[in-house]
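Worksheet: the structure to be examined is printed underneath.
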Amino acid sequence: MNSEAEPTFEGAGGMVEADGQTCRKSTGTMQPELSDAELLALELDLFCAECDRPELNEGDDGHTSSRSAESCCTGQGTVEDICSGNEQSSNQSEQKSEMPPEGSSTKRRKQDERIPLERFGRKYLNVTDLSRQVWCEQQVVYGLELPHIEQLREEVPVVKAGSCLHLARELEIQDIVPINVESREDSWAVKIFNLLSMIQFLQAGERVRELPVFGELEGIFLVGVVDELCYNSKGELELCELKTRGQRTYPSAAQRKSHLFQVNIYKLLFEAMIKGQLNKETITDHLHLRTEQPFSSEILMHAQKVGFSINTFGDLLDLMLLNLTYAEIPNIDTMKIEYCYQADASLIGTEVVYFEEEWVKSELKHYCSFWKGQREAKGVDIEEAWKCRSCDFADICEWRQSKAEEATQKNRANRSK
């Protein structure tokens, strides 16, 4: 991995299921002589002055152990303490992954008749799963097939730096309290507690950070975390997404495209929620959650503290849907992405994002079609082969190998004419 390749990161202090979910309350020039095959075979450092990588998932993918530590906000502990605690919790919850059997991964996929969602044991997708597909869909697949390699990225210093910067910003307005959970219903309860509290603050005209959003789009349940929602000087509701950078530069156009896609999906999910388009059956059917499941004593204790009269997960869903239905919260009027320099948290610049409904729905349909088994995964086009430079799976990527072979054959055919 090239040391100059700089990923951007997000959602680091966000709601992490089972391992540390939180409850919030406010307080180069390419030479024309090269053939495509030669380009793929060369060391791509020669052609790429800066090679970004897609950001990591938001950390809200909901795999729950029998008993796990979540967190609700109190303001106790420093950013360093919490970052260290989250790291320990994450390490404890990691499942050991075995190496896949030998042979072509493409052949193994074709032998497995399940759709990708089922094959990878996913009840839902994170929004960042989709945004990373914009970068390279094949990389997403390898990350799921070889999770032990993907987990190594989380130990990169630049990743931890981005995580702590997100957490520091969150702690400026809300505190964190640890909560133990004993079931998947408990884990989702914490997420819903956060949502309910933030709805109240939005109704009061206040700023919120790390707001959970979720719902069904294109037949797939999606979960995300919005970095910030607030009202601007015009009284408009504004979404702000924070991206941190290891260099004081803007990301490449390819990386920015994935960011634009991400915030557009956030707007779709958030507005569907406040318009009452989310229902109980959608949640329970996709997530396989039990409405009659009673909560643990710690969840019930927290619910009592914040004034919720509930006993089961179904009670909490009813309360959430009722609050969303009658919430007097406007649509998101403006969206922007802030790029910050990790070394000193200084602002690199801000990009205003315009909602492109037709574009985002078309892209969403395309990327979801892979998860529903309607098409095979695609890697990068030849024009974006420079992305392979920073990919952990470049040496084993069958898409890359097949494109190189195609380019070689094409080049030979052209020379024989």
Please give, to one decimal in nm, the separation of the simple spin-label points placed at T312 and E406, each 7 Å out from Cα toward the Cβ.
5.3 nm
How would you rank 203-212, 138-147, highest first, on the average number of other Cβ atoms within 10 Å across their residues?
138-147, 203-212
Order by protection proxy (mean Cβ within 10 Å, highest first), peptides 292-300, 240-248:
240-248, 292-300
Students often get this wrong, so check it: of K243/K387; K123/K361; K123/K280; K257/K378; K191/K387, which have C-alpha atoms separated by over 24 Å?
K191/K387
Can you figure out the FRET efficiency of D381 with T291, using R₀ = 60 Å and their beta-carbon distance, to the nearest 0.05?
0.85
Report the gain in length on full extension from M301 to Y231: 0.36 nm times residue separation, minus Cα-Cα distance, nm rounded to one decimal.
21.9 nm
How far is it, in nm, from the label point at Q200 to the one at K336 when both lie 7 Å from their Cα along the line to the Cβ?
2.9 nm
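Quickly rank 334-340, 190-196 as a protection proxy: mean count of other C-beta atoms within 10 Å, highest first.
Highest to lowest by the protection proxy: 190-196, 334-340.
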Contour minus Cα-Cα span, A413 to W359, at 0.36 nm per residue, comes to 15.7 nm
Across region 204-221, in residue order, what do the Karplus-derived ³J(HN,Hα) couplings come to in whole Hz, using 6.51 cos²θ - 1.76 cosθ + 1.60 with θ = phi - 60° and x for Gly and Pro?
8, x, 9, 8, 10, 9, 6, 7, x, 10, 7, x, 9, 9, 6, x, 10, 7
If the chain between L144 and S369 were fully extended at 0.36 nm per residue, the gain over the current Cα-Cα distance would be 79.3 nm
What distance in nm lies between label points placed 7 Å from Cα along the C-beta direction at Q277 and E113?
3.5 nm
Show me, for region 240-253, the HN-Hα J-couplings you get by feeding each phi into the Karplus relation (A = 6.51, B = -1.76, C = 1.60, θ = phi - 60°), rounded to Hz, glycine and proline as x.
10, 10, 9, 10, 9, 10, x, 10, 7, 9, 6, x, 5, 4
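None of the figures in this text is laboratory data; all of them are computed from the coordinates on show. Here the structure is a predicted model, which is why all the values come from computation and not from measurement. Don't worry about glycine lacking a Cβ; one is built from the backbone with ideal geometry, like all the others, and counts go over all protein chains shown.
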